[in-house]
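Okay, structure first, notes after.
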């Protein structure tokens, strides 16, 4: 048994989960599954859901924490909602950006993406390092007007929530989190 997050949207005719294949017995077995293999899905839970009253959102993701964010962004755009979306997405390098092509080809007026890489390839001219208060405040000008969704490794999620609530004065009620244990 293992926890996964949906990367598909309710607007898509399939259920999709996305994970990074690492060298563990579970991930090795998962990687050996063939198309059509029956799997059992247990209870769906979590609070990482956009609701209709949310009009301005920031998704802050690290690595594979993009899965639930991808689901929510796809749903917002497919439903032609007027939600203003900013995505702050941290990765080790450009090769580790999940859904890179899809995200960078979104041309909607209500979507902006900002990447930051902690160990970029030579030639990367974007922000370097980790998601921090400076990166957040330079990317999001209306900080307190937005609902914040943070997903990724637990250390990252905790750090960013602390930055938002203690340094940038975002109220805790405006911050939703999802930890990706094991990354």
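The values are calculated or read from the model by the stated rules, or taken from the named source; none is laboratory data. Values in this document were obtained by computation on a predicted structure and should not be read as measured data. Here Cβ is always computed from backbone atoms with ideal geometry, including for glycine, and neighbour counts include all displayed protein chains.
Exactly one residue among 94, 98 is touching a residue at least 24 places away in the same chain (Cβ under 8 Å) and under 11 Å from the mean Cα position of the chain (by Cα), and that residue is 98.
Among all positions in the range 56-69, there is at least one residue which is under 11 Å from the mean Cα position of the chain (by Cα) and at positive phi.
If we scan the range 171-180, do we find a residue that is in contact with a helix residue (DSSP H, G or I) (Cβ under 9 Å, 6 or more places away or on another chain) and loosely packed, with under 15 Cβ neighbours inside 10 Å? Yes. Can you find, within the range 11-25, the residue that is farthest from the chain's Cα centre (by Cα) among those that are surrounded by 13 or more Cβ atoms within 10 Å (Cβ to Cβ) and either modelled with pLDDT of 80 or more or more than 17 Å from residue 96 (Cβ to Cβ) (or both)? Taking the candidates together, the pick is 12.
When restricted to residues that are within 17 Å of residue 59 (Cβ to Cβ), buried (at least 17 other Cβ atoms within 10 Å of the Cβ) and without any contact (Cβ under 8 Å) to a residue 40 or more places away in the chain, the range 118-135 contains 1. The criterion of being part of a helix (DSSP H, G or I) and either under 23 Å from residue 156 (Cβ atoms) or modelled with pLDDT of 95 or more (or both) does not hold for residue 45.
Of all the numbered requirements in (1) exposed (fewer than 14 other Cβ atoms within 10 Å of the Cβ); (2) modelled with pLDDT of 90 or more; (3) outside any helix (DSSP H, G or I), residue 82 misses one, and that requirement is (2). For residue 16, the conditions (1) touching a residue at least 12 places away in the same chain (Cβ under 8 Å); (2) touching a strand residue (DSSP E or B) at 6+ places or on another chain (Cβ under 9 Å); (3) more than 28 Å from residue 173 (Cβ to Cβ) all hold with the exception of (1). Scoring residue 104 on the criteria (1) buried (at least 20 other Cβ atoms within 10 Å of the Cβ); (2) over 20 Å from residue 144 (Cα atoms); (3) free of Cβ contacts under 8 Å to residues at least 60 places away in the same chain leaves a single failure, condition (1).
The set of residues in the range 165-181 being over 16 Å from residue 69 (Cβ atoms) and without any contact (Cβ under 8 Å) to a residue 60 or more places away in the chain consists of 165, 166, 167, 168, 169, 170, 171, 172, 173, 174.
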